[in-house]
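Have a look at the structure below before the remarks.
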Amino acid sequence: MSAVIEPAVAISEVKRQRTQQPRRIKKTHGTAVISFATLIGLLALWIIATKYHFASALFLPSPSDVAVQAVAVASEGYANGTLLDHILASLGRIGVALAFGIGLGIPVGLLMGLNRWAKGILGVPIDIYWGLPPLAYLPLMIIWLGIGEASKIVLLSLAAFAPICFAAQAGVRSVPQERINAARSLGATSYQVFTSIIFPSALPEIFTGVRIAIGATLSTLVAAELIAAQSGVGYMIMSAANFLATDVVFVGLIVIAIFAFAFATGMRFLENRIAPWKGKL
Amino acid sequence: MLSIRNATVKFEAADGTEIHALDRVSFDIPPDSIVVALGASGCGKSTLLNAIAGFQSLTEGQILIDGLPVDKPGGDRGVVFQKDTLLPWSNVLDNVALGLRYRGVPKLERYRQARELLQLVGLSDFETKPPYELSGGMRQRVGIARALATDPKILLMDEPFGALDSLTRENMQQLLATVWAKTRKQVFFITHSIEEALALGTHILVMSPRPGRIVARYEADFVRTFAATGDLGPILSHPRFVSLREEIRSIIHTPASHNERHAA
Ligand SMILES: Nc1ncnc2c1ncn2[C@@H]1O[C@H](COP(=O)(O)OP(=O)(O)OP(=O)(O)O)[C@@H](O)[C@H]1O
Ligand SMILES: [Mg+2]
């Protein structure tokens, strides 16, 4: 009599949802297998193309040449440094720039999402510089800050900052009003509404912003190193290109591709750890 | 006791016209009552509930709790929303305990209270699940438990069962009747289902749109029988239930052109 409802129905519903999950996981495994096969296929094409001399080694070095060159660059070095030196120089710049971009972009973006004044005042300069290609104001940075690390760090930080800032703003604005109302009717203070509702609700958007920022930073980094640097993977590529050392260029490109892949994988991992509910509710 | 006095809300629409969402609405929510606001889409029911909850300020009039005016949300008025507003990053237990966490109740104590409420709504086995692994009806039950956790004087519910299939809906109605009988809360409940209004309401306010006002008031006590027997069937065919249902239906459907134009 005392009313408390069909647990049988309820449990079977949860079971049904649970049994659906493995199927979805299997599907993503399937995609991974296909992607991996594609990768192998591309590699095979590359081997065949070089083996049968479809292109001269100057344009397309063989995988084994590239591997040999990679070992040489790693042990003996190229363009004033070993491969590791260049990688560390590039990673250092990205790391510092992302630290600035995340450390400033998230709080400034949240503030702009919450406060009309902050948005009004900060929005204009951010919109203006974000509209410019970073390489267009790199010369200005060099005039202001010199050819050293500072100009590159500032350039990269600016490239990282804007997308994170925009994403944090969008995250705040996308919080459902009902969720905020629910918290307030449960007695939350403004501070509690922010920490327990607004910030976590904005997290998935912030992750998207960081992912975009990583892409923007990486492309800006390589471009900046091509133009104005004495170290870094971009510099190594440029130096090699000057001597038509195509195999070293390939080594550099592969390293950058690995960077990009590692960052993307790392972000996906973090996102699944920190915001696993994304898109669920 | 909660009193609504001359509550009036005017909105300015995007095109600059004025929308009279609520026009001098007055009623009381006495102790031990379920007051149901019933009416077609757009007659100002949500506006009224939001005003009572403190989410919407009144253009004129007052909301009084025990004679004192309120204009902000507070833990004395728990809200259950039509769309569930559970936090996807917290499990069921933490969701129910949220209001207690805001109050600084220590973890063990708030979990103890939350578990009691989960038992009340029949979800003890699901406390560690994230909300998105529950069905709609289960989520709504978590929402009710969460609203009850801060021990509000009054429970405000905006079409809480509107999105559920009819079987689940009837189970939820039964749950609400039982919870109400056990906890003795005052409830303000919104619906556009006449049968739901009669099955659950001790007081029924029939509203009409443009401007939103109360056009008829009824008292009923089917909910007590419902809570005691847990069986809606005999109530639905009770002669007085049937005659009230038809009477309210005729009121709601009289200015049909009026309603329809607005509901679009
Ligand atoms: N923020 C707002 N700005 C302008 N007009 C609004 C706003 N909120 C509600 N309205 C208008 O006020 C009237 C009443 O809306 P309300 O949401 O209270 O209706 P309701 O009875 O809850 O309808 P439903 O059953 O569809 O939920 C409607 O005409 C609606 O368009
Ligand atoms: Mg409504």
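Derivation of every value follows stated rules applied to the coordinates shown; laboratory data play no part. As the structure is a computational prediction, the values presented were derived from the model and not from experiment. Ideal geometry is used to build each Cβ from the backbone, glycine not excepted, and the neighbour counts take in all protein chains shown.
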- Which entries in the list A:LYS119/B:LYS129; A:LYS278/B:LYS10; B:LYS83/B:LYS153 go over 28 Å, if you measure between the two C-alpha atoms of each? A:LYS119/B:LYS129; A:LYS278/B:LYS10
- Query: With the contact rule set at Cα under 8 Å and sequence spacing of 6 or more, what percent relative contact order holds for chain B?
  - Reply: 25
- Note on the structure: Counting Lys and Arg as +1 and Asp and Glu as -1 over every other residue whose Cβ sits under 13 Å from the Cβ of A:GLN169, the net charge comes to +1
- Under a plain spin-label model, where a point goes 7 Å from the Cα along Cα-to-Cβ, how far apart in nm are B:ASP125 and B:SER193? 2.5
- Item | On Cα atoms only, tilt of A:149-173 relative to the major axis of chain A in degrees | 20
- So the FRET efficiency between B:GLU109 and A:ASN80, C-beta based with R0 = 60 Å and rounded to 0.05, is 0.40
- Item | Simple label model, 7 Å out from Cα along Cβ direction - B:ARG249 to A:ILE143, nm | 8.1
- Ranking of B:SER57, B:SER41 by count of other Cβ atoms within 10 Å, fewest first: B:SER57, B:SER41
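Relative contact order for the stretch B:86-151: what is it in percent, counting Cα pairs under 8 Å that are at least 6 residues apart? Kindly include the intermediate steps, with their values, before the conclusion.
Details: 79 pairs, mean separation 32.2, N = 66.
Over the stretch B:86-151, the number comes to 49 percent.
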- Item | Calculated FRET value between B:LEU236 and A:ILE274, using beta carbons and R₀ = 45 Å, to 0.05 | 0.35
- Neighbourhood net charge (11 Å Cβ-Cβ; Lys/Arg +1, Asp/Glu -1) for B:ILE194: -2
- What angle, in degrees between 0 and 90 and rounded to the nearest 10, separates the Cα long axis of helix B:166-183 from the longest principal axis of the Cα atoms of chain B? 70
- Message: Just to verify a number: FRET efficiency for A:VAL71 and A:ALA264, C-beta to C-beta distance, R0 = 25 Å, to 0.05?
- Response: 0.40
- Query: What angle, in degrees between 0 and 90 and rounded to the nearest 10, separates the Cα long axis of helix A:199-227 from the longest principal axis of the Cα atoms of chain A?
  - Reply: 10
- Given H placed on each backbone N at 1.01 Å, which residues far from B:ILE19 in sequence or on other chains put an amide H within less than 5 Å of it? B:PHE11, B:GLU12, B:ALA13
- Note on the structure: Charge tally for neighbours of A:VAL248 with beta carbon under 13 Å away, counting Lys, Arg as +1 and Asp, Glu as -1, is -3
- Task: Return a whole-number percent for the relative contact order of chain A, with Cα pairs under 8 Å and 6 or more residues apart as the contact set.
- Result: 22
- Note on the structure: For the pair A:ALA150 and A:LEU135, the simple spin-label estimate (label points 7 Å beyond Cα toward Cβ) gives in nm 2.5
